[in-house]
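To start, the structure under review is shown below, and the notes come after it.
The values are calculated or read from the model by the stated rules, or taken from the named source; none is laboratory data. Given the structure is predicted, the values throughout are model-derived calculations rather than measurements. Because the Cβ atoms are built from the backbone with ideal geometry, glycine has one as well, and the counts that use them run over all protein chains shown. Please note that ligands, DNA and RNA were not included when accessible areas were found on the heavy atoms of the full protein model with its side chains. Shrake-Rupley method; radii C 1.70, N 1.55, O 1.52, S 1.80 Å.
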Amino acid sequence: MKKTILSGSTVTGNLTLGNYIGAINNWKQLQDEYNCYYFLADLHALTVQQDPPTLKQRIYSFYAQYLALGLDPQKNIIFVQSHIHEHAELTWILTCLTPMGYLNRMTQFKEKAEKHVKNINAGLFTYPVLMAADILLYQADLVPVGEDQRQHLELCRDIVGFFDRGYKKGLFKMPEAHIGKTGARIMSLQDPTKKMSKSDENDKNFISIIDDPKKIEKKIKSAATDSGTDIQFDEENKPGISNLLTIYSVLSGKNISQLETEYAGKMYGHLKVDLAELVLETLKPVKEKHDDLMKNLDYLDDLMKSGAERAQLRARKTLHDVYEATGLVLRKP
Ligand code: AMP
Ligand code: TRP
């Protein structure tokens, strides 16, 4: 029996080079070994104010970005969260098991509440319960997430405990976080001490995988570098150059010390020119495939539909078992 992996990405911004290197590139290596579910967390996106036409376009674009990066829709089950109504339904049951105090501790809630002072809605508060439902519906064994989501995953594990004690032990599989081992962390281009993030307000900090090539080139050339002139990997004293070397190394397959030798005696500018070329070369086919897919939304609708059908088979069974365990009367089929 293959183990089940599940992960999702909130539909905000566009996927970045960081998502590509830190997540999706690794997912591709898992697709043969595991049962993989990957979804777009569109319901999660609603916890902050969205412009409806932009959101709709972005959901299609995200789906196309997943495919363009090489996730195979046959080998993986790729779906949109809101297409499976069981997510919202299971969330209700789990919400009724989750103490307010546990949610109050979530650092992401505190951060977001500070950032969106005018829109501290209840959804922002219960967001981690929806995330737990996402995971538990599919009985996932492993959940690849970034460090920032570790606390939400711990809460999900707590919720499994509440359900075990309140209703039925063992109904849910206990999920584990899968935090990439060597998973390179790509840092912001202007501030290389923080992570490159798709929700960064400063557009110069990240490279979106579907950015215009001219923009990518400009962003790399204006990336913050460090004092000194040597091209050497030293995260502490040379975070900027180290970040560029990391990106170079992952995309070229050359190891860092090999690059240091190649660039000995050269200037930062040389590295940036070569790196820009490499990134453009890597992302060109990705953007082309994305743009092509976006010309045919009907085709994307079809893929979304078949992904949702496959995902729902699993989700429906879990929700059925949960309703049964909670004492609700099941409607005759
Ligand atoms: P997010 O963009 O925060 O929704 O993250 C989605 C996935 O991409 C998670 O598995 C993250 O660990 C990964 N990821 C996001 N940003 C980076 C980054 N800058 N470097 C490496 N991995 C990243
Ligand atoms: N909250 C996650 C993030 O912002 C996205 C997400 C939603 C997710 N549901 C999930 C990730 C379930 C893993 C499993 O990055």
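Between Lys75 and Lys221, residue separation times 0.36 nm minus the direct Cα-Cα distance comes to 48.8 nm. Can you compute the label reach from Leu313? Point 7 Å from Cα along the Cβ direction, backbone N cut-off under 17 Å, restricted to the stretch 77-110. Residues 77-80, 84 fall inside that zone. Amide hydrogen proximity for Asp234: with H placed 1.01 Å from N in the peptide plane, the residues at 5 or more positions away or on another chain lying under 5 Å are Ser242. Near Met187, the amide H atoms lying under 5 Å from its own belong to Met196; only residues 5 or more places off or on other chains count, and H is placed 1.01 Å from N.
The GluC sites (Glu not before Pro) of the stretch 161-246 that meet both conditions, a loop assignment by DSSP and at most 14 other Cβ atoms within 10 Å of the site Cβ, are Glu201, Glu236. In this structure, the amide hydrogen of Thr10, modeled 1.01 Å from its nitrogen in the peptide plane, lies closer than 5 angstrom to those of Ala41, counting only residues at least 5 positions away or on a different chain.
Each residue of the chain gets 150 Å³ once the volume of the Cα convex hull is shared out per residue. Normalising by residue count, the stretch 38-132 has a Cα convex hull of 120 Å³ per residue. The HN-Hα couplings worked out from phi for the stretch 213-225 by the Karplus form 6.51 cos²θ - 1.76 cosθ + 1.60 (θ = phi - 60°) are x, 4, 5, 4, 4, 4, 5, 5, 5, 9, 4, 5, 10 Hz, whole numbers, x standing for Gly and Pro. When Val160, Val329 are compared by accessible surface with a 1.4 Å probe, the order from highest to lowest is Val329, Val160. Largest accessible area first, the residues Lys110, Lys295 order themselves as Lys295, Lys110 under a 1.4 Å probe with ligands, DNA and RNA left out.
Across the stretch 126-134, computed HN-Hα scalar couplings (Karplus, 6.51 cos²θ - 1.76 cosθ + 1.60, θ = phi - 60°) run 8, 2, x, 6, 4, 5, 5, 4, 3 Hz from first to last residue, x flagging Gly and Pro. Computed on the Cα trace of the stretch 87-239, the radius of gyration divided by the Kirkwood hydrodynamic radius gives Rg/Rh = 1.08.
Taking trypsin sites (Lys or Arg not before Pro) across the stretch 187-289, the ones in a DSSP loop with at most 14 further Cβ atoms lying within 10 angstrom of their Cβ are Lys194, Lys254, Lys266. Between the helical axis of 86-95 and the longest alpha-carbon principal axis of the chain there is an angle of about 80 degrees.
Using a probe radius of 1.4 angstrom, the carbon and sulfur fraction of the accessible surface of the stretch 203-292 is 49%.
Summing Cβ point charges (Lys, Arg +1; Asp, Glu -1) relative to the Cα centre of the stretch 203-292 gives a dipole of roughly 240 debye.
3J(HN,Hα) along the stretch 280-297: 4, 5, 5, 8, 4, x, 5, 5, 4, 5, 4, 5, 5, 4, 5, 7, 10, 5 Hz, from the Karplus curve 6.51 cos²θ - 1.76 cosθ + 1.60 with θ = phi - 60°, whole Hz, x for Gly and Pro.
Between the helical axis of 52-68 and the dominant principal axis of the chain, each derived from Cα atoms, what acute angle in degrees is found, rounded to the nearest 10? Roughly 70 degrees between the two axes. Dipole size of the chain about its Cα centre, with +1 on Lys/Arg Cβ and -1 on Asp/Glu Cβ: approximately 740 debye, rounded to the nearest 20. Taking all protein chains into account, the per residue accessible area for the stretch 203-292 stands at 52 Å² (1.4 Å probe). Considering only Ile231, Leu245, Tyr167, the residue lying farthest towards the positive end of the dipole of the stretch 127-252 is Tyr167, judged by Cα position with unit charges set on Cβ. Working from Cα positions, state the angle (0 to 90°, nearest 10) between the long axis of helix 239-252 and the longest principal axis of the chain. Rounded to the nearest ten degrees, it is 80.
Our Cα-only numbers for the stretch 203-292 put the radius of gyration and Dmax at 13.3, 44 Å. Cα centroid distance between the stretch 121-158 and the stretch 37-102, in Å? Each part's Cα centre sits 12 Å from the other's.
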